[in-house]
Amino acid sequence: ENNNNETKRLASDGPYEHYPIPPPAKKKKRKDPNKPRRPLSAYNIFFTQERAKMLNELSDNKNDEEKAEVELPSEAMTRVLSQTDSHKKSRKHRKCHGKITFVDLAKNIGKKWKNLPKEEQEVYQELANKDMEKYREAMKAYK
């Protein structure tokens, strides 16, 4: 009788007749759009800033006056942290810049982060702590 249940779970014909049919997928729980987004880590903040710097350096085909100035950590993070509050709007699809692959970008920035002096890492950690405090306050208000 146990064998009978097994045969019901097998694909009826074709090359996959000996493989069991997977159980039906569970329904995915929808995320609450009003729930605050998790805060950025120190590395994420550093990555955001370094990515902007690297892409700015790689843009050879633009005039110098058209290049965006690289922001200081505090200026960049004020902008980044303010964007985390407006997460409810979906972001438009952006064309790829085609200057560097994400893998290469991530490897370069990861090496820079590892070689970054502790004092500079602490600057990013302070920004991450501020972001965490904002998140905790937002979660208290959310609940």
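The values are calculated or read from the model by the stated rules, or taken from the named source; none is laboratory data. Only a predicted model underlies this, so the values are computations on that prediction, with no experimental measurement involved. Note that we place each Cβ from the backbone using ideal geometry, even for glycine, and neighbour counts take in every protein chain shown. Note: areas computed on protein heavy atoms with side chains; ligands, DNA, RNA excluded. Shrake-Rupley method; radii C 1.70, N 1.55, O 1.52, S 1.80 Å.
Brief remarks on what is shown
- Residue check for Ser12: surrounded by fewer than 14 Cβ atoms within 10 Å (Cβ to Cβ), at pLDDT below 80 and assigned to a loop (DSSP other than H, G, I, E, B): yes
- Hits in region 108-143 (condition: over 25 Å from Pro36 (Cα atoms), outside any helix (DSSP H, G or I) and of a type outside the set (A, V, I, L, M, F, W, C)): Pro117
- Subset of region 108-135 (residues that are surrounded by fewer than 11 Cβ atoms within 10 Å (Cβ to Cβ) and basic (Lys, Arg)): Lys111, Lys114, Lys118
- Test result for Leu105, at pLDDT 80 or above, in a loop (DSSP other than H, G, I, E, B) and under 15 Å from the mean Cα position of the chain (by Cα): no
- Unique match (being among the charged types (D, E, K, R), modelled with pLDDT under 60 and loosely packed, with under 14 Cβ neighbours inside 10 Å) among Lys62, Lys35: Lys62
- Exactly one residue out of Leu40, Leu55 is part of a helix (DSSP H, G or I), open to solvent by less than 70 Å² (accessible area, probe 1.4 Å) and at pLDDT 85 or above: that is Leu55.
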